[in-house]
1. Exactly one of these conditions fails for residue 214: (1) in contact with a strand residue (DSSP E or B) (Cβ under 9 Å, 6 or more places away or on another chain); (2) modelled with pLDDT under 95. Give me its number.
2. Can you report the number of residues in the stretch 141-163 which are without any contact (Cβ under 8 Å) to a residue 40 or more places away in the chain and either touching a helix residue (DSSP H, G or I) at 6+ places or on another chain (Cβ under 7 Å) or assigned to a strand (DSSP E or B) (or both)?
3. Do we find a residue being assigned to a helix (DSSP H, G or I), in the same structural domain as residue 362 (by TED's automatic domain parsing) and out of contact with any helix residue (DSSP H, G or I) (no Cβ under 9 Å at 6 or more places or on another chain) anywhere in the stretch 177-195?
4. Applying the selection to the stretch 77-105, what residues are under 14 Å from residue 160 (Cα atoms) and in contact with a strand residue (DSSP E or B) (Cβ under 8 Å, 6 or more places away or on another chain)?
5. It is to be established whether one or more residues within the stretch 291-300 are crowded, with 24+ Cβ neighbours inside 10 Å, at pLDDT 95 or above and either over 24 Å from residue 207 (Cα atoms) or not assigned by TED's automatic domain parsing to the domain that holds residue 199 (or both).
6. Output yes when any residue across the stretch 144-151 is surrounded by 13 or more Cβ atoms within 10 Å (Cβ to Cβ), modelled with pLDDT under 95 and not assigned by TED's automatic domain parsing to the domain that holds residue 361, and no when none is.
7. Can you name every residue in the stretch 301-330 that is part of a loop (DSSP other than H, G, I, E, B) and without any contact (Cβ under 8 Å) to a residue 40 or more places away in the chain?
C-alpha cells in the first residue's frame, strides 16, 4: 500500500470518528433493530459523551460507514498446484486424490495409483518426502492394477494454474472415511456436498471428516441444509436469535438425514466463523460429532447497515446465530474436543502433494475414528 492510500485510509477513519451521530435516528435504529434491548437513556448519554466509541460499548460491531465508489479489492492468488494429494498407508504411498482438470490429471495419474518413486527418489525415502513438499513439478513412477496384473507407469507433472475448488472431497479406504472440505456456504453448496457424500458413501465411506477450517460462514440456509443431511432425527439444526420476530429463524430437519449413519469429526480453526462455527456446534449436539483442531472465531453476530443520511450508514448487530440448544458462541468460540496446534497459514491456501502428511487436524480425526471403532477393552 503506497503513502497516498495510507493517508486516504487515515482521513476516512478520522472523519468517521469525528462524525457527529444523529442522536434521535440512532436511538430509533437501536430500538427497532438491535439484537438486545438497550436503555435509551444510557445510549443517549454515551452518544453525547463519546459518540461512536460510546455506541461500541453497547455493540462491539457498531460502526459508521461511508459508501465508497469504485473501490477495488486486491486479490492474492495462492501458489499454483499440481492438483494431487499423496497419502501413506502401512508404509506404502498412494494418490489419495487427483483433482479434475489439474496438471496431475492431465499427466494421466488417477486416484488410487500406488506411488513407487518421485523424481527418481524411492517411496518413503527422505528425498521422496522432500520432493513432494517442494516445487510442484514432479516425475511420478506409479503402479496401477490391470487385467494383466500391476503395470508401472511414468508421468511428468508440471505445476500450473490450478487452484482448489471451494468444495472437494476424497475417500480414505483404510478407515472407510469420506473427507469433505467446504470453504464457504454459498448457493447450492449443500447440494454439491450431498452429491459428493453420496459418491463417497458408494465407495464404502462409513465415517466423515468435515473440514470447516477457514470457513467464514456464508449462507445460514445452506449450512442448515447440510446439517439436515447429517441430523439423527427431526428437529432444530440451527437458529438465528433476536428479540425481533423479523430476524428470528429456526431451521429444522424434517427427519433423519440422508447421511445420518456417518460417524462425523469436524475440523475447525480460528478462522471458522459465523454459520460454520455454529454448524460445528450443531453437529456435536445433533449428530454426536467430535470437533478437532482449533477454537473457532467466536463471531456469530448478524450485522446490518442502516442509513444515517449524507451517504453514511450505521452497522448494528440485529441477531446472532445459535446452535439447536441455543448456545451463543459470540466472543467465546467453540472449544474443540481434541485440540490441535493450528498453523499460521490459512487452511488449504496451497496444495503441496504432501499436505496430508503434516496436517495435524486430519491425523487427529483419523485417530478419533480409529479409537471409536476399536472394540472396548475387557
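The values are calculated or read from the model by the stated rules, or taken from the named source; none is laboratory data. Computed from a prediction, not measured in an experiment: that's the story for all the values here. Ideal geometry is used to build each Cβ from the backbone, glycine not excepted, and the neighbour counts take in all protein chains shown.
1. (1)
2. Number satisfying all stated conditions: 10.
3. yes
4. Selection gives 80, 82, 83, 84, 99, 102, 103, 104, 105.
5. The answer is yes, given that some residue of the stretch 291-300 is crowded, with 24+ Cβ neighbours inside 10 Å, at pLDDT 95 or above and either over 24 Å from residue 207 (Cα atoms) or not assigned by TED's automatic domain parsing to the domain that holds residue 199 (or both).
6. yes
7. 310, 330
Matching residues to (1) surrounded by fewer than 24 Cβ atoms within 10 Å (Cβ to Cβ); (2) at pLDDT 95 or above; (3) over 28 Å from residue 61 (Cα atoms):
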| position | (1), (2), (3) |
| --- | --- |
| 254 | yes, yes, yes |
| 267 | no, yes, no |
| 303 | yes, yes, no |
| 309 | yes, no, no |
| 315 | yes, yes, no |
| 323 | no, yes, no |
| 337 | yes, yes, yes |
| 341 | yes, no, yes |
